[in-house]
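Working notes, beginning with the structure itself.
The values are calculated or read from the model by the stated rules, or taken from the named source; none is laboratory data. Only a predicted model underlies this, so the values are computations on that prediction, with no experimental measurement involved. Reconstructed Cβ throughout: ideal geometry from the backbone, glycine too, with neighbour counts over all protein chains shown. Side chains are part of the model used for accessible areas, which takes the heavy atoms of the whole protein and leaves out ligands, DNA and RNA. Shrake-Rupley method; radii C 1.70, N 1.55, O 1.52, S 1.80 Å.
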Amino acid sequence: TKESAKILNGISVRHFAVSPDKSTVWVATNSGLVSVDVESLNTYTYTKENSGLPINGLESLCFSNRQLWIGSDFGLSCMDINTEKFTTFYADGKKKNQNTSRGTVLSMDGKMYFGGISGLTYFDTKRMERWRSEGHRLHLRLVDVLVDGKTVHQGDMSGGYEMLQGVVDDCARLDLRS
């Protein structure tokens, strides 16, 4: 209908998924994640600036229970739609893990597959849920530091100080004085 065509007028829709309770359509766009209430047609946009998304350009969506899995150029993110909290996962600690909507699928046993420019990313959602329910916690691993959008390397200087003295993950001190 004409009314439904105006909901996301001018926004590039890359992928969409319907919530398990069928009350919301979730839309991956180049401007963030948009939720559309199916009754009122009200929308809300989650962006890098107002949520835990790692990037606004999203490529793919897939539901596993009340978890919305989001593929992007910066890894695989998971949004708990009850709490609206985001967690992002990077394969091998690398931020450049593009996942595209060409080939997003959730198998019946809870395994999720995202096809991307570097191949197929496999993720076992049931194993992750079991791991969390057993009290395990994710450990923070720093893999990159950016200053003004540029990667900081060992030996780079700022204000006469060496910013990074060693590998990021093993660095005892990070000095960003100007």
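At a glance:
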| quantity | calculated |
| --- | --- |
| Residues of the range 36-86 classified as on the phi > 0 side of the Ramachandran plot and modelled with pLDDT of 90 or more, total | 2 |
| Residue match in the range 7-19 (condition: surrounded by fewer than 18 Cβ atoms within 10 Å (Cβ to Cβ) and under 13 Å from residue 81 (Cβ atoms)) | yes |
| Candidate set: the range 154-172, residues that are open to solvent by 40 Å² or more (accessible area, probe 1.4 Å) and modelled with pLDDT of 75 or more; chosen: the one nearest to residue 109 (Cα to Cα) | 154 |
| Residue within the range 79-88 that is over 9 Å from the mean Cα position of the chain (by Cα), within 23 Å of residue 7 (Cα to Cα) and not acidic (Asp, Glu) present | yes |
| Selection count where residues are modelled with pLDDT of 70 or more and of a type in the set (Lys, Arg), scope the range 96-153 | 5 |
